[in-house]
């Protein structure tokens, strides 16, 4: 009997959140193993690398960038690419991860430490983010600037959702990539801004997938 798939994951990772939603959408029963921000030893021992999400499926290691097509091959239905729109779905997913997520992350990064598991993880997170982004107090001072920039990009998704429940009309890779990219806002304990009601309803639909 095949073992249950195992997803090595981190709550604050947009790619991990997207992978979780893809697995749920595909109807895969799986287990999740939390990977601390500051301690990848178990992940490295199990997979030989330190990136999350990583999926273990029947003993095979599937790295984060291969997860969508791997799942599509293992469970073709329901498809991540409705009406054969793989190129469009993948492009929108990539826009979410590479463009939208950065706008969301800049706004919430200083609010992430309280959701981490312990003081050491929080300390490492703040240290690494400060090295990458600059002084913590400056990031706090710029939150209003970051909020406005984030909202400009959230408005793009709001516009896409006019007259439809899903980005491409049916659930697709685009939804899961963009949802993952919005997820740091939710992880930090904030809600979708009130001026984006279609986006808020779409977030609820993605969350309700079981």
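Computed from the coordinates by the stated procedures, all read-outs in this text should not be read as laboratory data. Just so you know, these numbers come straight off a predicted model, no measurement behind them. Cβ atoms come from the backbone with ideal geometry, glycine included; neighbour counts cover every protein chain shown.
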Most fluctuating residue given options 68, 184, 53, as computed from a GNM of the chain linking Cα atoms under 10 Å: 68
Highest-first arrangement of 168-180, 100-112, where packing means the average Cβ count within 10 Å: 168-180, 100-112
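With an 8 Å cut-off on Cα pairs and a minimum separation of 6 or more residues, tell me the relative contact order of segment 6-74 in percent. Write out the running numbers ahead of the final one.
Numbers: 81 pairs, mean separation 26.2, N = 69.
Averaging sequence separation for qualifying contacts and normalising by length gives 38 percent for segment 6-74.
Sort 133-140, 22-29 for me by packing, meaning the mean count of neighbouring Cβ atoms within 10 Å per residue, highest on top. Can you show the working numbers first?
Working: 133-140: 12.4, 22-29: 17.5.
Ranked by mean Cβ neighbours within 10 Å, highest first: 22-29, 133-140.
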Of (i) 27, 25, 13; (ii) 25, 18, 18; (iii) 34, 21, 16, the label for semi-axes √(5λ) of the Cα gyration tensor in Å derived from the coordinates: (i)
Whole-Å distance, taken between Cα centres, linking segment 187-208 and segment 1-60: 25 Å
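Using Cα pairs under 8 angstrom and six or more residues apart, how large is the relative contact order of segment 82-208, in percent? Display every interim value, and only then the final one.
Values: 111 pairs, mean separation 53.0, N = 127.
Computed value for segment 82-208: 42 percent relative contact order.
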Shape category assigned to segment 135-182 from the gyration tensor of Cα positions, a/c cut at 1.5: oblate
The chain, helix-only ellipticity at 222 nm - DSSP H runs n ≥ 4, -39,500 (n - 2.57), divided by all residues, nearest 500: -16000 deg cm²/dmol
